[in-house]
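The values are calculated or read from the model by the stated rules, or taken from the named source; none is laboratory data. Every value quoted in this text rests on a predicted model; they were computed, and no experiment measured them. Note that we place each Cβ from the backbone using ideal geometry, even for glycine, and neighbour counts take in every protein chain shown.
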Amino acid sequence: MALARKADLTPLTIVVLDGGGNLVAAEREDGCAPLRFPVAKGKAYASLGIGVASGVLGERNAERTAFVASVASASQGHFVAVAGGVPILNEQSHVIGAVGVSGASSDEDQQAAIAGIELAELRWGLEPS
């Protein structure tokens, strides 16, 4: 949140999921629209479920709308393939959780997610190396 305030971003909602998709933490700034929480959670869940950043999913599947819709349906709507969801990695580069951010532009959401992961002294990756 400090990065968001420093950059004067619009109010954000941040969600952290563990490796099983369970909510670990969530923070919603005053002034955030009510749908920001499910969008942030959906970005994190998409990133966790496929193992790459949610923005990478959106870019890779821009022409495959039926695929994205099918995965969103299979996940009961908890799949948002837009930048702002970033996987958290362990030392072996395995996905152990994810952060999702919603409220600013998609690129700013992604940068805020990365900043939060780094602030926690954890590793992240947009896609497997």
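Structure notes:
- Selected residue (only one of Gln76, Gln111 is of a type outside the set (A, V, I, L, M, F, W, C) and touching a residue at least 60 places away in the same chain (Cβ under 8 Å)): Gln111
- A residue that is modelled with pLDDT of 95 or more and either under 11 Å from the mean Cα position of the chain (by Cα) or crowded, with 20+ Cβ neighbours inside 10 Å (or both) occurs nowhere in region 1-10.
- Selection within region 95-129: residues that are outside any loop (DSSP other than H, G, I, E, B) and of a type in the set (S, T, N, Q). The member of this set that is farthest from Lys41 (Cα to Cα) is Gln111.
- Pick from region 15-35, criterion of a type in the set (Gly, Ala, Ser) and in a strand (DSSP E or B), ranking: surrounded by the fewest Cβ atoms within 10 Å (Cβ to Cβ): Ala25
- Meets criteria (surrounded by fewer than 19 Cβ atoms within 10 Å (Cβ to Cβ) and at pLDDT 95 or above) for Ile88: no
- Within region 1-14, restricting attention to residues that are of a type in the set (A, V, I, L, M, F, W, C) and not in a strand (DSSP E or B), the residue that is nearest to Val80 (Cα to Cα) is Leu12.
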